[in-house]
Amino acid sequence: MSVAGAPPQTPGAKQTPGAPQQTPGAPQQTPGAPQQTPGAPQQTPGAPLQTGTRVGEAIAGAVTAIAAGGCETPRLDAELLLAHVLGVERERLLSDERLEVRGGAVRAFQLAVRRRAIEREPVAYIVGRRAFRRLQLGVDRRALIPRPESELLVEAALELPAGARVLDVGTGCGAIALALKHERPDLVLSGSDCSSAALDLAAENAARLGLDVRWLHADQLSGVPDEFDAVLANLPYVADAERRSLAPEILRHEPPGALFAGPDGLAAIAALLAQLARRATVAMLALEVGAGQAPAVVRMTQAAGFAHVRRERDLAGIERIVVGEGRRR
């Protein structure tokens, strides 16, 4: 997964020309928040949340706390956390000014905000789910949080012929294998991982979604049958020296075994390509790579016997996946 920093951020709101100027020292009005209703409990930033507080006030207080913790998308985070606690869609928070935070939701929201602001725990782990393509996946610390960039691997495999046998190496929570099976049910999907805990999470997601994917406990291709037509892999690719540059959300909470891959970040990819060189059935390979790694991975993929190798960029313009096809015999 793309991990060089936090997930893509929502651009901040711009000042509307002609809007009233903020008085220095006055409380900031959160854009889009419902206006304070006369008679509703007043929420003082930093004070304990009171039962009966309107959602707009609750969000405003949470935004202050989360921003103070150094998180880059405090309003989005606050809205997602409160929607989760109340069991409603985020859109309803923004449209229904009558909603209030009451009972057990008060304490639950306070704890969720603390986990985000103080412990810098990712929102996906707090709420226990993450959207990936057309699926909602269960996520927790057993596996890396799926990133949007990894959807490129799914897209690369959508044109495979009917009935193709596909292996997702380093499947984690099963995001790539499950998304591909959901969109191409005619394909035969398997997912492998060296972590039995991650495979348990992937199997839980498959059962909940009703998707038929076989799960294999294996270190890359070791012990995996030589029967696959295509291999997709989002392996660890962060160089050891980049450890200090990672966001606290990643360093403190996501499994390090799914992140780091030696001095240049290419150890895991090199190991897989060495094994693939001996796998004659694999006619298509798609690898996710880190920023600046694509040229080296292209050369390694060609050396493994793939005649046609291309690179594809993510929405940030980074060469994010390398695709190899046409094995030389």
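Where a number appears in this text, it was derived from the coordinates with a stated rule and is not lab data. The shown structure was predicted, so the numbers you read here are calculated from the model rather than taken from an experiment. Cβ coordinates were reconstructed from backbone atoms using ideal geometry, including for glycine residues, and neighbour counts include every protein chain displayed.
Quick notes
- Once backbone amide H atoms are built at 1.01 Å from N, residue 218 has 193, 194 as its partners under 5 Å, excluding neighbours fewer than 5 places away on the same chain.
- Computed E for residue 219/residue 102 - FRET, C-beta separation, R0 30 angstrom, nearest 0.05: 0.05
- Taking 4 °C and 1.567 mPa s as conditions, the stretch 189-274 diffuses translationally at an estimated 89 µm²/s according to Stokes-Einstein applied to its Kirkwood radius (Cα pairs).
- Computed extension length for residue 308-residue 155: 53.3 nm, one decimal, from 0.36 nm per residue of separation with the Cα-Cα distance subtracted.
- Estimated from the Cβ-Cβ distance and a Förster radius of 25 angstrom, the FRET efficiency linking residue 325 and residue 188 is about 0.85.
- Separation in nanometres of the label points that stand 7 Å from Cα toward Cβ, at residue 88 and residue 51: 1.8
- Max-minus-min Cα coordinates of the stretch 53-119 on each principal axis give 30, 22, 17 Å, with the largest extent listed first.
- Each 10 Å bin, from zero up to the one with the longest distance, holds this percent of the alpha carbon pairs of the stretch 141-327: 10, 39, 39, 11, 0.
- Spin-label zone in the stretch 68-98 - amide nitrogen under 15 Å from a point set 7 Å from the Cα of residue 127 along the C-beta vector: 73-95
- Fewest neighbouring Cβ atoms within 10 Å first, the residues 159, 242 line up as 159, 242.
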